[in-house]
Ligand SMILES: Nc1ncnc2c1ncn2[C@@H]1O[C@H](COP(=O)(O)OP(=O)(O)OP(=O)(O)O)[C@@H](O)[C@H]1O
Ligand SMILES: [Mg+2]
């Protein structure tokens, strides 16, 4: 690399010396933020790793991200890092007196002012000392006792607390109603405020009826103006108070709702990303999206109906005693009606639940049809399948409509039956109350009746609401079930923190490995054994369906339920942390997805510390630089989702560049060059040797000509290994290989009149 190169952010990829020098250059210049200049893990990170290990969790320094790259890792960055690694962590400021009393299970990381860190392992309040351990102290080393003065020279109060994630609202907890309730309960403080406000509001609601009672009984009977004035003043104060409290309560509910929404969103997406690829292959996108959309109904229920009914219950607790105080006979009547309403609603629960399940099923099918059509629209248009898709859609819409109609008709009945009871509750009590008042000698009955009517209305509504809540819960229960059907599948790995993180070299060993896809009888791979040496170029050939892609999938850890062994550098692949494994792998498939954004963003794909010049080098290596530079905006050219403005070959070369940019130890090309035209394939092939330098490369290809350079070629057929050898050896001893080679080159022979593509000495 030239000196000029190191200064400017933009390099010249056409420069003869810079072309194709990606791997080592990138390695040397990119110091991820968690490392110091010498490439060692920074002391603060080492301290964190130490404590995490104490709790049985491995933190990966490669995953550390600083908010401001290049600076000393801050407490907040460290805590975020541990959090992403699946731990509970807090960045705190503590005083000496707190240190002495800090109750923490395990060591605490103290961040020193000079950028280093120490581990606080204990404290003695009587002796006014704390015990510190150096980050690099060997395991058995004694902690050093330090007093306040000495510590204050190096430490200004910053610390990071670390614990294993134990809360049931952890990322791995299954998605159930209990989990949701826990999530709500975490908001205990605002919920308590809401409760207090509601309780106060309920008490305030008693006042107006009581005031009316007094007005009717005292003011009207005895013409007492002074009492009226006093009551007016009380009413004004009560109303002002009520207004303010109501406002505050709605404000808090809004805040709590938004927070729950955010947490649910983050949790759901996090889990979705950790579902195994298998799941997505077996379920249409539309179905998944529909199921996940149900999560928002759940949130609405939690902060809407559930919360308001809960608050109404508080009101009931206050109002029912008052009701009995005013008139027990009428109170019993109200309660009797309420019980009847509840019975009606409960009677309809089970049939309603069944019909609602039909609605859910029909809606799921409908969404699946929609999703499939949108995703496959190119095929639909190309084959003119619109009428068929429309017919399918009509059918699904009709099914969903029928199911909804049936549900609605049944749901209408409890409503119909409840209405007269509800009316009786209000009007019946009034009539009976009037009757009682007529026979009443005290003269207070009229006022009481007024007051009672006002309260009864407030009681009836929450009681009915309570019964309806159960009905709603049925729907939400279904929604939870739907979301859970997606989210509660076994995740790819039990936790982000699980598994070893060995440094990858690239030696691969399949021994006696047998693997079948779920639901298939014949194994996709049958007692497969072969080795791939680190740093070698390894080709895989075989007929369609012979298991080539399956080998690549197993290497990526997509399917892990195989028998036999798959070892990477001697370590069982199942033991390796998945994220770590995939960071060391580069994979290019036949069909690659490009995200919306510029070409540069697509090549870098959000990976830290990479710049335009890295993207340019990777593009050059992948044979993409030339067409990118011809585009009007070069590397800033905007790609839409699904990349309509790129040809298949161009997309492919971008995907290769994207896989190359982070310098993977193992690069897998699964039919990656199949879509390329001969010219761009030649560009990539010419670079293959350079691409391959310093890494293990696995090339799956139908075109044998692109594999002739490989150190070893594996020939598979129907899941079995036929042979492993270099090209020339295979031509001599492997019949299937020879046949494939002859088939592909007969074509050439016909055109050129001789076997131009066959290397000399092979035929
Ligand atoms: N996700 C899957 N679920 C079930 N069976 C699968 C799945 N993927 C592949 N198979 C089956 O496993 C076998 C091997 O498939 P694989 O994709 O490995 O073949 P391949 O050699 O890559 O073929 P091609 O050259 O066509 O890409 C095939 O019989 C296929 O039907
Ligand atoms: Mg394949």
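Rule-based calculations on the coordinates, nothing more; no lab input. Fair warning: this is a prediction, and the values are worked out from it, not measured in the lab. For neighbour counting, all protein chains shown are included, and Cβ atoms are generated from backbone atoms with ideal geometry for every residue, glycine included.
For the stretch 508-725, the square roots of the Cα gyration tensor eigenvalues, ordered a ≥ b ≥ c, give a/c of at least 1.5 with a/b greater than b/c, which places it in the prolate category.
Taking label points 7 Å from Cα along the Cα-to-Cβ direction, residue 461 and residue 474 give a separation of 2.5 nm. By the count of neighbouring beta-carbon atoms within 10 Å, fewest first, 60, 561 end up ordered 561, 60. Sorting the segments 710-719, 684-693 by their residues' average number of neighbouring beta-carbon atoms within 10 angstrom, most packed first, yields 710-719, 684-693. Going by Cα centres, the stretch 251-322 and the stretch 91-162 are how many Å apart? Going from one Cα centre to the other spans 42 Å. The residues 310, 64, when put in order of fewest to most other Cβ atoms within 10 Å, stand as 310, 64.
Diagonalising the gyration tensor over the Cα atoms of the stretch 373-450 and scaling each eigenvalue by 5 before taking the square root yields semi-axes of 64, 12, 5 Å, largest first.
Here r is the Cβ-Cβ distance between residue 746 and residue 702 and R0 is 25 Å; the resulting FRET efficiency, rounded to 0.05, is 0.95. Estimated from helical segments only, the mean residue ellipticity of the chain at 222 nm is -18000 deg cm²/dmol, where each DSSP H run of four or more residues counts as -39500 (n - 2.57). So if the hydrodynamic radius of the stretch 187-336 is defined as the Kirkwood radius over C-alpha pairs, what does Stokes-Einstein give as its diffusion coefficient at 37 °C and 0.692 mPa s, in µm² per second? Calculated translational D: 169 µm²/s.
For the stretch 526-613, state the semi-axes of the equivalent ellipsoid (square roots of 5 times the eigenvalues of the alpha-carbon gyration tensor), sorted largest first and rounded to whole angstrom.
28, 17, 13
Taking a point 7 Å from the Cα of residue 379 along the Cα-to-Cβ direction, the residues of the stretch 256-295 with backbone N closer than 19 Å to it are 278-289.
Remark: relative contact order (the chain) = 13 percent; criterion is Cα-Cα distance under 8 angstrom and separation of 6 or more residues. Taking the stretch 177-487, how much of its Cα-Cα pair set, in percent, is spaced more than 37 angstrom apart? Counting every Cα pair in the stretch 177-487, those more than 37 Å apart make up 36 percent.
Cα centroid separation, the stretch 510-581 to the stretch 369-406: 38 Å. Annotation: the antiparallel percentage among DSSP beta bridges lying fully within the stretch 508-725 is about 50. Here the spin labels are modelled as points 7 Å beyond Cα on the Cα-Cβ line, and at residue 411 and residue 177 they lie 1.8 nm apart. The packing ranking, built from the mean of other Cβ atoms within 10 Å per residue, places the peptides 359-369, 734-744 in the order 359-369, 734-744, highest first. Kirkwood hydrodynamic radius computed over the stretch 336-469 comes to 19.0 Å, based on all pairs of distinct alpha carbons.
Which order do the peptides 386-396, 499-509 come out in when sorted by mean C-beta neighbours inside 10 angstrom, highest first?
Put in order of decreasing packing, that is 499-509, 386-396.
Over the C-alpha atoms of the stretch 31-164, the Rg to Rh ratio, Rh being the Kirkwood estimate, stands at 0.95. Temperature 4 °C, viscosity 1.567 mPa s: under these conditions the Stokes-Einstein estimate for the stretch 561-676, based on its Kirkwood radius over C-alpha pairs, is 86 µm² per second.
Percent of C-alpha pairs per 10 Å bin in the chain, short distances first: 2, 10, 15, 18, 17, 14, 11, 7, 4, 2, 1, 0, 0.
From the alpha carbon centroid of the stretch 678-719 to that of the stretch 442-458 is 91 Å. Cβ crowding within 10 Å ranks 455, 603 as 455, 603, fewest other Cβ atoms first.
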